[in-house]
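Q: So that we are looking at the same thing, I have put the structure below in C-alpha cells.
The values are calculated or read from the model by the stated rules, or taken from the named source; none is laboratory data. These numbers come from a predicted model, not from an experiment. So basically every Cβ, Gly included, is an ideal-geometry build from the backbone, and we count neighbours across all protein chains shown. Heads up: the accessible areas ignore ligands, DNA and RNA and are worked out on the full protein's heavy atoms, side chains in. Shrake-Rupley method; radii C 1.70, N 1.55, O 1.52, S 1.80 Å.
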Amino acid sequence: MSRTFVGMPKFQVGARHALADTQLRRNLAHATRTIRAKRGAVVGEVADWEELRVKGAEAKDRVLSNLDTYLVELEARLVEAGATVHWARDAAEANGIVVDLVKATGADEVVKVKSMATVEIELNQALEAAGIAAWETDLAELIVQLGDDLPSHILVPAIHRNRAEVREIFLREMGKVGRPAPEGLTDEPPRLAEAARLHLREKFLRAKVAVSGANFAIAETGTLVVVESEGNGRMCLTLPDTLISVVGIEKLLPTWDDLGVFLQLLPRSSTGERMNPYTSMWTGRTEEDGPQDVHVVLVDNGRTNVLADVVGRQALRCIRCSACLNVCPVYERVGGKAYGSVYPGPIGAVLGPQLRGRQGKLEQSLPYASTLCGACFDVCPVRIELPDLLVHLRTRVVDDHRGGLPSAEALTMRAGAFTLSRADRLEKAQNAATGVGHLLRGRASLGRVPWPLSAWSEARDVPAPPRHTFRQWWAKREGGRG
Amino acid sequence: MNAREAILERVRTALQAPGSHAARTDGPQPTSAGLPVPTSREEILDLFADRVADYRSVVERTGSGSQAAAVARALSGHGVHRVVVPRGLDDDWVQALTRVGIEVTAEGDISEHALLESVDAVVTTATVGIATTGTIVLDHAGGQGARRLTLVPDLHLIVVRADQVVATVPEAVTRLREAVLAGRPLTWISGPSATSDIELDRVEGVHGPRTLHVLLVEG
Amino acid sequence: MSAVRVALFATCFNDTMWPSTPKAVVTLLERLGCTVEFPRAQTCCGQMFTNTGYAAEAVPLVRSFVDVFGSYDAVVVPSGSCTGSVREQHAGLARRAGDPGLEAAVEAVTPKVHELSEFLVDVLGVTDVGAYFPHRVTYHPTCHSLRMIRVGDRPLRLLRAVRGIDLVDLPAAEECCGFGGTFAMKNADVSIAMGSDKARHVRETGAEVLIAGDNSCLAHIGGLLERQRAGVRTMHLAEVLAATEEDPS
Ligand code: SF4
C-alpha cells in the first residue's frame, strides 16, 4: 500500500512535473511563505542567535569527531537505564531488528511517531511484508499514509495537500483502516484535526508496541528526546508496553547541557515557535511509568560514508529542522518529491548523494538542483555550508566521470578553460564574438536562438554581443593617450 | 564482526580520513537586536505569564494562601465533573475539589489507559517554568503523575510556583539535570496540543489536552 | 594627495558582453581621483567552472589571477559573484590543487579584492559619488553580493545619494532571481519559474530601470522582461553611478 522512492527519475523530470501542477505550487508557496515569516519573527527575538548557531555547530562537530567514543558512552548509559541497544549497519539490518522485536511481542500492529530515519529505511514496508500494520500518528504523516502518497517536506510531509484534498482522503480512507471520519466532515482544519483525534485514539489506547525516532540522544545521560506538537508522540512514547526507537548515529549530543542550545535552535528554526507544544525525554525504562520494554536501534545506513568525507561530514550536523527547505527558492517551486527521498531541499540535495552514493542519475543531478543563492546557509541553525557542499559534490560528480568518454559539457568546459587560461586566446574568441556584434549592428538582443543556447532563449531573450569588447576599447584609449 | 563492532570500526576509519575543512566564519547581519532577557523576579514572572498566555492557554496568578480554592474554582469554571489526581498531590487541594462537588479519582485507581478517557481533567504541580518560551516542565515525581495521566484527559491544570520559574531554556536545563540523572522522564509543555499540518493553519487540540490552565502561585 | 592606484578586474563576461559596465567603472573611479589600470593579461576568475564541478579546470585560472593581480594594492570588480568566487573559492581550489605556493599567493591577494560598492564605501569612504540619474529605479541585491560577500546596504546607500533618482523598494528583493550560472540551462524550467516571479516583482514597482551589481543576473531577469515587452531596462550599478548631468548614460 505505501509507495516508495525507489527508481525516481532525475531531478529535472520531477521538477517539470511539479512545476506544471499549479495547485501544488500555490500550496507550497503559501506554506513556505507562512513558515518563513514565523521563523523570522521568533529568531529576531533572540539577541544571541548567531552565537547559538556557532554553539550548535560546535556541539555537533564535537560529537562527530569523537563519534565512536560517544556512541559507546550512549550505549552504556542506555543499558544501565534498562534499555536494550541494537546496532544496524544498513536499512535491511535495522528493519530486521525491528520486525523481530515486534514479532516477539506477538503484536500485529505498531503505532508510529513521525521519524525521518524510519522513512529513510522504509520500515513501514518491511513491517507490512511481515504482516504487521504500522499506523502513522502524526497528522501530516497520516494524510500521506491514507492518501497512499509520498512525503514532500521534513516537518509538514503533507505540505502539498490543501484542506479540501485532506477532507476527501479522510472520508474515503479512514473507514478502511479503523474508525471512519465523522459524518458531515467539513474541510475546516479544526474539524479535520478532530477527525484524526478520534480515528487515532482507539489505536493509541490499544497499541502494545510503538516505534519512534529521536531528535536527540544524549551520550552523557542516555536520554532520548522527541520534539513534537500534537501529542501523538507522547501517546506513542507513553501508552504501549514496548517502545522501539530507531536512531541515526549522528543524532547524538555530547552532554545534557548541550540540550539547552538545541532546544532554542530547533523549535524556532523548525515550526517558527518559541517552543514546540510537547517535548518528551526518557532515559531507558522508568518504573511504573511508560513502556517497560525499551529498545534503541542505532543505525548507520550510509552515515559513516558521509563521515569519511572531511568536507561533506558537516551535513551530519543536520537536526532536520527544515528551515533550509522553507527558504529554498527551488524547493518552493518544485516541492519535495522531485528530490526523490525523504530528505528534500538543500539538505536532501547534499545528503542524498552522500548517503546513497553517486551512482544513480538522480543522485548525480541533485547537487545541481540549486542556484547556490546561499539562503539555506543563513538560516541553518547548525551552520551547514550547504552551497559549498553542493559545489563540493558537483566536483565529485564531475571527477567520477573523468577518464571515460567526455560529455558535451565536459568538452565545452575544457575548451572554455583553455580559451580563458590566456588573454591572447580570449582576445581571439572575443574578436569572433564582436564580429557577430558588428553584423547585428547594435541590436540589443537576439530573441530566440538555436541549441545549445535554446535552453536559455525559450523564455529569455539572449543579449547580443556588443560591437567592441572592453579590452578593445581600452587598447584604443591607451593608444590614443600614448 | 558483529554490527556494533563493524559500525564502530567504520567510524574510526572515517575519522582518520586525511584533510581538513576551513569553516566559514560569516553570518547574516541580525535583522533585529533581539528582545532583552529579563533579570528581575517581577519581570521574569510577568514574561512567563505573557508567554504562556500567548499559546492560548489560560493563565491565572494567585497567592500561596489561596491555592486550594483557586484550583477548585478553576476546574469548576471549566465545568469539570470528574478529575484525576496524581499521587502526592496536596491533600487540601483534593478536599477543596470534593467540596465544590467534583468527583475525584486517584491515580492508583486507574488500571487501564482507557479509564482516563472517562475523566474530564487532571491537576498536577510542575518542576520548572521557563519565561522566554512560556514552557512548563514536569519530571513526573510526586504531585505530577505518571506521564499518561497528563496526556489523555482533555484539560490539564498545572500549578507552578513562582520560585520554579527561570528566565531561559539553558537555566531550565541546568535545573533539570538532577531529575534526568535520577532517571526521571521529562515532559516539556508549551501550550495545548496543536498542529499546523493543514495549510499551516494552527489548530489547538489534537491528541493531548485541548485546554491548558496554568495557575502561577506567588508569595 | 596621491591618487589611489587600482587595478580593474573587468571579468570575462563584462569584458566580452557588457563593456559599458567596466567603462563606467573607469569613468567613475577616475572622477573620484583614482588611477585605474587594466592589466591586459587578465581573463576569468573561474567561477563557472568551479560552480559546475570543474575544479581542475578552474585551477589554472586561479594561478593566472594571482599572477596578474598579485602586485596591486587594490583590485576592483564590478560583479558580486566574481568577487565572491575570488574571495570565497580561490583558496579552496588552491588547497585542492595541493599547491602551498598558490595557496599563499591567493591568501595575499584576496583581501585586496573589492566589489565596486565595497571599494567606494569602505576604501574611498564615499557614498555620494556625484551621480545624477533622474529616473524611477529599483534595485535587486543579487545573492552573491548579499550572502556570499555580504555587501549589506552599501549599494543602496550609494543609490540613495544619487541626485534625481526615485528609488523604490523591490518586493521580495532578497529572493534569488533563478540565474545560478549553469543552473539557468541545466534546470531551465525552475530557473524561468523563479525569474518570472522576480520579473513580476520588478514590474510591480513601476520602475523604468532595474539595477543590480551583477550583469549575469540582469541578463536573466532582463531577458525575461524583454520577452514580456515589459518596458523595463536593466542597468549595472556602475553605469548609474557613473552618470552625471553633463554626461548622462
Ligand atoms: S540542513 Fe540545517 S536548515 Fe536544513 S534541515 Fe538540516 S539543520 Fe535544518
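Q: Return one whole number: the accessible area per residue of chain A in Å², for a 1.4 Å probe.
A: Working: 16800 Å² over 482 residues.
Averaged over the residues of chain A, the accessible area is 35 Å².
Q: Report, by chain and number, residues whose modeled amide H sits under 5 Å from the one on B:Thr105, excluding near sequence neighbours (fewer than 5 apart, same chain).
A: B:Val83, B:Val84, B:Val85
Q: Another question, then. Based on the inverse mean of 1/r over its pairs of different Cα atoms, what is the Kirkwood hydrodynamic radius of the range C:136-242, in Å? Intermediate values should be presented prior to the final figure.
A: Values: mean 1/r = 0.0727 Å⁻¹.
Value: 13.8 Å, from the Cα pair sum.
Q: Of all DSSP beta bridges in the range A:21-304, what percent run antiparallel (nearest 5)?
A: Working: 10 of 34 bridges.
Approximately 30 percent, going by the DSSP bridge assignments.
Q: With the Cα gyration tensor of the range A:412-481 giving a ≥ b ≥ c as the square roots of its eigenvalues, does the rule (a/c under 1.5 for rounded; else a/b larger than b/c for prolate; else oblate) give rounded, prolate or oblate? Walk me through the numbers before you get to the answer.
A: Numbers: a/c = 3.12, a/b = 1.36, b/c = 2.29.
Verdict is oblate for the range A:412-481.
Q: Amide H to amide H, which residues 5 or more places from A:Glu109 or on other chains are under 5 Å from it, using H placed in the peptide plane?
A: Under 5 Å from the amide H of A:Glu109: A:Ala133.
Q: Follow-up. What number, in nm² with one decimal, is the all-direction average of the projected area of the convex hull of the alpha-carbon atoms of the range C:1-95? Could the numbers behind the result be given before it?
A: On the way: hull surface 25.1 nm².
Averaged projected area of the range C:1-95's Cα convex hull equals 6.3 nm².
Q: Can you grab the distance from the C-alpha centre of the range A:414-438 to the C-alpha centre of the range A:62-90, Å, no decimals?
A: 59 Å
Q: For C:Cys45, enumerate residues with amide H under 5 Å from its amide H, sequence gap 5+ or separate chain, H modeled in the peptide plane.
A: Amide H neighbours of C:Cys45, under 5 Å, 5+ apart: C:Cys12.
Q: Considering only DSSP beta bridges with both partners in the range A:201-252, what is the antiparallel share in %, to the nearest 5? Intermediate results must be reported in sequence, preceding the final value.
A: On the way: 3 of 8 bridges.
Just about 40 percent of them are antiparallel.
Q: Here is a follow-up. So which of A:Lys176/A:Lys203; A:Lys60/A:Lys112; A:Lys38/A:Lys112; A:Lys10/C:Lys198 end up more than 21 Å apart, counting from Cα to Cα?
A: A:Lys60/A:Lys112; A:Lys38/A:Lys112; A:Lys10/C:Lys198
Q: Antiparallel as a % of all DSSP beta bridges within the protein assembly as shown, to the nearest 5? Don't jump to the answer; show the numbers that get you there.
A: Numbers: 23 of 93 bridges.
Of those bridges, close to 25 percent are antiparallel.
Q: Still on this structure, I have one more. Kindly point out which whole DSSP H helices in chain A project their C-alpha atoms 27 angstrom or further along the helix axis while averaging a Kyte-Doolittle hydropathy of -1.0 or above. Could you put the intermediate results ahead of the total?
A: Details: long enough: A:22-44 (33 Å, -0.51).
The qualifying helices are A:22-44.
Q: Over chain A, what is the relative contact order in whole percent, taking alpha-carbon pairs under 8 Å and six or more residues apart?
A: 20 percent
Q: Would you mind pulling out the separation of the Cα centroids of the range A:233-286 and the range B:72-125, in Å?
A: Cα centres, the range A:233-286 to the range B:72-125: 29 Å.
Q: Here's something else I'd like to know. Tell me which cysteines of chain A come out unpaired when the rule is another cysteine's Cβ under 4.7 Å.
A: Unpaired cysteines in chain A: A:Cys236, A:Cys318, A:Cys321, A:Cys328, A:Cys380.
Q: Right, another one. Quick one: plug the Kirkwood hydrodynamic radius of the protein assembly as shown (C-alpha pairs) into Stokes-Einstein at 4 °C, 1.567 mPa s, and report D in µm²/s. Numbers along the way, then the final one.
A: Values: Rh = 30.1 Å.
Rounded to a whole number, D works out at 43 µm²/s.
Q: Please list, or write none, the lysines whose alpha carbon is within less than 20 Å of the alpha carbon of A:Lys428, excluding same-chain residues fewer than 8 places away.
A: Cross-link targets: A:Lys476.
Q: Given a cut-off of under 8 Å on Cα pairs at least six residues apart, what relative contact order in percent is computed for chain B?
A: Here the relative contact order equals 24 percent.
Q: Restricting to DSSP H runs of at least four residues, report the calculated mean residue ellipticity at 222 nm for chain B, -39500 (n - 2.57) per run over all residues, nearest 500 deg cm²/dmol. Could you put the intermediate results ahead of the total?
A: On the way: 5 runs with 60 residues, N = 219.
It comes out at -8500 deg cm²/dmol, rounded to the nearest 500.
Q: Does chain C classify as rounded, prolate or oblate by the C-alpha gyration tensor (a ≥ b ≥ c root eigenvalues; a/c under 1.5 gives rounded; else a/b over b/c gives prolate, otherwise oblate)?
A: On the way: a/c = 2.13, a/b = 1.21, b/c = 1.76.
Taking the square roots of the gyration eigenvalues as a ≥ b ≥ c, chain C is oblate.
Q: For the range C:147-161, just list the computed ³J(HN,Hα) in residue order, Karplus coefficients 6.51, -1.76 and 1.60, θ = phi - 60°, integers in Hz, with x standing in for Gly and Pro.
A: Calculated HN-Hα couplings, in order: 10, 9, 9, 6, 6, x, 9, 3, x, 5, 4, 5, 5, 4, 7 Hz.
Q: Show me you know the interface measure: the accessible area buried between A and B, both chains summed, probe 1.4 Å, in Å² to the nearest 100. Let's see the in-between values first.
A: On the way: alone 23080 and 12950 Å², together 28680 Å².
The buried area between A and B, both sides summed, comes to about 7400 Å².
Q: Counting only other residues whose beta carbon sits under 9 Å from that of A:Arg471, what net charge do I get with K and R as +1, D and E as -1?
A: Net local charge, A:Arg471 excluded: -1.
Q: Now, a different point. From the protein chains alone at 1.4 Å, what is the descending order of accessible area for A:Lys337, C:Lys198, largest first?
A: On the way: A:Lys337 70, C:Lys198 5 Å².
These residues rank, largest area first, as A:Lys337, C:Lys198.
Q: In the range B:1-54, what percent of the accessible surface is made up of carbon and sulfur (1.4 Å probe, ligands and nucleic acids excluded)? Write out the running numbers ahead of the final one.
A: Details: 1810 of 3420 Å².
Roughly 53 percent of what the probe reaches on the range B:1-54 is carbon or sulfur.
Q: For the range B:38-218, what are Rg and Dmax over the alpha carbons, in angstrom?
A: Gyration radius and largest Cα-Cα distance of the range B:38-218: 15.7, 46 Å.
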